[in-house]
Amino acid sequence: MRVELKKAPGPLRGEVIIPPDKSISHRAIMFSSLSHGKSRIRNPLMAEDTISTMNVFRALGVRIENGDGFVSVEGTGHLNEPEGPMDCGNSGTTMRLVSGVLSGAPFTSVLVGDESLSNRPMKRIIQPLRLMGAEITASRDDNYPPLTITGGGLKAILYEMPVASAQVKSALMLAALYAEGDTVVVEKEKSRDHTERMLPAFGADIRVDGARMTIKGGARLNAVDTEVPGDFSSAAFFAVAATLVEGSEIIIRNSGLNPTRTGLLGMLRLMGADIRVENEREVSGEPVGDIVCRSARLRGADVDPGIVPFLIDEFPVLCVAAALADGTTNIRGAEELRVKESDRIAVVAGALRSMGADVVEYPDGMSIKGRQTLNGAAVDSSGDHRIAMSFAVASLVAEGVTAIERAEAVNVSFPGFYNVLARVSGG
């Protein structure tokens, strides 16, 4: 699908209700499916990725029913052998975390994905799960889906993660629930911590000491009702849009504010953004608040590599902001972005250049020299929802028409995104 967008006719105004958090929705569905009893998940994200997770667990014998604003999950504490391959769609979270679960299941199963997911590396989870005792085979250099997993008989390990990845960490934590002994996972840098926040509420025995986690095997998980806050990664696009379009003011309601997710807020403030948080509270163990964003002139800044894991999904829209800032923004230590839904470094750099930006690409990031205006251009999202939304934001301050190819990618996390953007921009 091709979407053509034009410069915003005036300031952005109004309130935005963002979709529920995708990462938290995935985990609530998974943990409820592994528990004994009936759980209710309020305000889950109903988008392609989370539906993939629900369908995988349905194939594993879990009863999952959709209600009005909630999902009901009835678990029995065990999973059934599936009748055939299970499709994870475009969801890397589904494939990687479910691989951890299936490593503890005493049967053989197969996980497949769409074309994009089939080109995302899986060795990072395969190797440690094999160390725990799972039998896993993959295609093409033993690194890519489909994955065939024969689980059961897992042993605890001490694993020091070579790169910060919440998906890898969570896969190991889930496998550890079925392992004999105490599994220890050590991170070099802290990654998003939704799993260790939520899983203990279901009965898991997890001890966190800085970047070191100890998970006791054999815990019984029991049903718990949860509520999913708004997705900060979705809020990010409107925060940047309001910052860039002169005279704008937007209020983003009910956004998650987990400190392992909100690196973009710190970066935007460092660059001179006018952003404040109101009505702070806690929902199901997660910090939540309303984000008020006003337009401001940004200045370039260097991104501390240590916070890159906290803005991994916001990288594309941060780059759009940098392209309109005064001075140069340098982003390094972001090599993980080469293996997301697309090679985000290459795709973003190419798209910005097509709009007239001055970009130098590095293996682990890029340098962006800001300018006063961008030019409308044809941008291929490469099927990456974050890139499609980021360049929709860029279109609001670009001269001429911006055409986004494969624009339907936004349905992975934010169905209705273009309608919301048009409403606040007066389009």
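Annotations
- Filter result for G151 (at positive phi and modelled with pLDDT of 95 or more): no
- Answer from R353, R344 - the residue that is charged (D, E, K, R) and within 22 Å of S234 (Cα to Cα): R344
- Test result for R276, of a type outside the set (V, I, T) and surrounded by fewer than 16 Cβ atoms within 10 Å (Cβ to Cβ): yes
Yes/no per residue for (1) over 19 Å from I368 (Cα atoms); (2) touching a residue at least 24 places away in the same chain (Cβ under 8 Å); (3) outside any loop (DSSP other than H, G, I, E, B); (4) open to solvent by 10 Å² or more (accessible area, probe 1.4 Å):
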{"position": "E246", "(1), (2), (3), (4)": "yes, yes, no, yes"}
{"position": "I252", "(1), (2), (3), (4)": "yes, yes, yes, no"}
{"position": "G266", "(1), (2), (3), (4)": "no, yes, yes, yes"}
{"position": "R269", "(1), (2), (3), (4)": "no, no, yes, yes"}
{"position": "V288", "(1), (2), (3), (4)": "yes, yes, yes, no"}
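- Wholly within segment 22-111, helices (runs of 4 or more DSSP H) carrying at least 3 residues that are at pLDDT 95 or above, more than 22 Å from L129 (Cβ to Cβ) and open to solvent by less than 10 Å² (accessible area, probe 1.4 Å): 22-33
- Of the residues contained in segment 194-202, one or more are found to be open to solvent by 10 Å² or more (accessible area, probe 1.4 Å), among the charged types (D, E, K, R) and not in a strand (DSSP E or B).
- Scope segment 151-161; condition in contact with a helix residue (DSSP H, G or I) (Cβ under 8 Å, 6 or more places away or on another chain) and open to solvent by 10 Å² or more (accessible area, probe 1.4 Å); matching residues: G151, K155, A156, I157, Y159
- Within segment 370-395, tally of residues that are over 18 Å from N90 (Cβ atoms), open to solvent by less than 10 Å² (accessible area, probe 1.4 Å) and touching a strand residue (DSSP E or B) at 6+ places or on another chain (Cβ under 8 Å): 6
- Scan of segment 212-251 for residues that are in contact with a helix residue (DSSP H, G or I) (Cβ under 7 Å, 6 or more places away or on another chain) and farther than 30 Å from V320 by Cβ, ordered by number: M213, I215, G217, L221, N222, A223, V224, T226
- Taken over segment 196-214, the residue count meeting the criterion of being among the basic types (K, R), in contact with a Gly (Cβ under 8 Å, 6 or more places away or on another chain) and farther than 19 Å from S165 by Cβ is 0.
- Selected residue (only one of G333, G300 is surrounded by fewer than 23 Cβ atoms within 10 Å (Cβ to Cβ) and touching a Ser or Thr at 6+ places or on another chain (Cβ under 8 Å)): G300
- Test result for S354, small (G, A, S), closer than 20 Å to A407 by Cβ, in contact (Cβ under 8 Å) with a residue 12 or more places away in the chain and buried (at least 22 other Cβ atoms within 10 Å of the Cβ): no
The values are calculated or read from the model by the stated rules, or taken from the named source; none is laboratory data. Given the structure is predicted, the values throughout are model-derived calculations rather than measurements. A quick note on method: Cβ atoms are made from the backbone with ideal geometry, for glycine too, and the neighbour counts reach across all protein chains shown. Note: areas computed on protein heavy atoms with side chains; ligands, DNA, RNA excluded. Shrake-Rupley method; radii C 1.70, N 1.55, O 1.52, S 1.80 Å.
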